[in-house]
Amino acid sequence: MDLLKLTLKRTDNKVGKYRVYDILGNDVPDVEARQKIIELNLDIPLAKDFNFSQVAESTEGFSGADMRLLCDEAKRMMFRQEISGDATMISTNTILTILDRIRPSVDEKMLRKFDQFTQNV
């Protein structure tokens with residue numbers, strides 16, 4: 001709680017807005033949060049047997065932004081398929097194929113550094 005109080009006292013910018021995000025930062029989402037991100041952002045026709053939990057489990061270490069990128073790539077793929085006249089339903093395997101090209105933007109070294117930073121503040 002002291003960290004939050006310290007942060008709220010900072011007014012580094014000209015308009016005096018508090019910059020809580022400068023100190024608190026973010027951790028990568030857990031599997032439940034990743035699944036929810038997928039459910040919210042993958043608003044395209046999906047195969048009836050689409051497995052949200054399998055995709056979420058396959059994205060260990062992905063940040064929220066990485067998850068959004070995955071969903072955007074799936075939308076682009078569907079759009080390309082639609083233009084070429086191919087199937088327009090996205091399957092779990094389609095997403096897993098996209099995952100072969102996308103890597104998490106946050107690595108273990110970054111997470112350790114963040115942990116050290118938050119302990120020292």
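The values are calculated or read from the model by the stated rules, or taken from the named source; none is laboratory data. Bear in mind that the values here come from a model prediction, so they are computed numbers and not experimental data. Cβ sites come from the backbone with ideal geometry, for glycine too, and all protein chains shown count toward neighbours.
Points worth noting:
- Residue within the range 55-70 that is exposed (fewer than 14 other Cβ atoms within 10 Å of the Cβ), at pLDDT 95 or above and at negative phi present: yes
- Gln81 in a helix (DSSP H, G or I), surrounded by 15 or more Cβ atoms within 10 Å (Cβ to Cβ) and at negative phi: yes
- Pairs where the first residue, in the range 81-94, is closer than 16 Å to Ser58 by Cα and the second is surrounded by 13 or more Cβ atoms within 10 Å (Cβ to Cβ) and of a type outside the set (Phe, Trp, Tyr), C-beta under 6 Å, 6+ apart: Ser91/Ala47; Thr92/Asn51; Thr92/Gln54
- Of the criteria (1) at pLDDT 90 or above; (2) within 19 Å of Arg103 (Cα to Cα); (3) outside any helix (DSSP H, G or I), which one Phe50 fails: (2)
- Filter result (modelled with pLDDT of 85 or more and either of a type in the set (Ser, Thr, Tyr) or over 22 Å from Phe50 (Cα atoms) (or both)) within the range 84-103: Ser84, Ser91, Thr92, Thr94, Thr97
- Taken together, the residues in the range 66-119 that are over 17 Å from Val31 (Cα atoms), of a type in the set (S, T, N, Q) and touching a strand residue (DSSP E or B) at 6+ places or on another chain (Cβ under 9 Å) amount to 2.
- Tabulated pairs, the range 53-65, first closer than 14 Å to Leu40 by Cβ and β-branched (Val, Ile, Thr), second in a loop (DSSP other than H, G, I, E, B) and modelled with pLDDT under 95, C-beta under 9 angstrom, 6+ apart or interchain: Val55/Leu42
- Test: residue in the range 98-107 that is in a helix (DSSP H, G or I) and exposed (fewer than 13 other Cβ atoms within 10 Å of the Cβ): no
- Selection from the range 58-72 of residues that are outside any helix (DSSP H, G or I) and under 8 Å from the mean Cα position of the chain (by Cα): Phe62, Ser63
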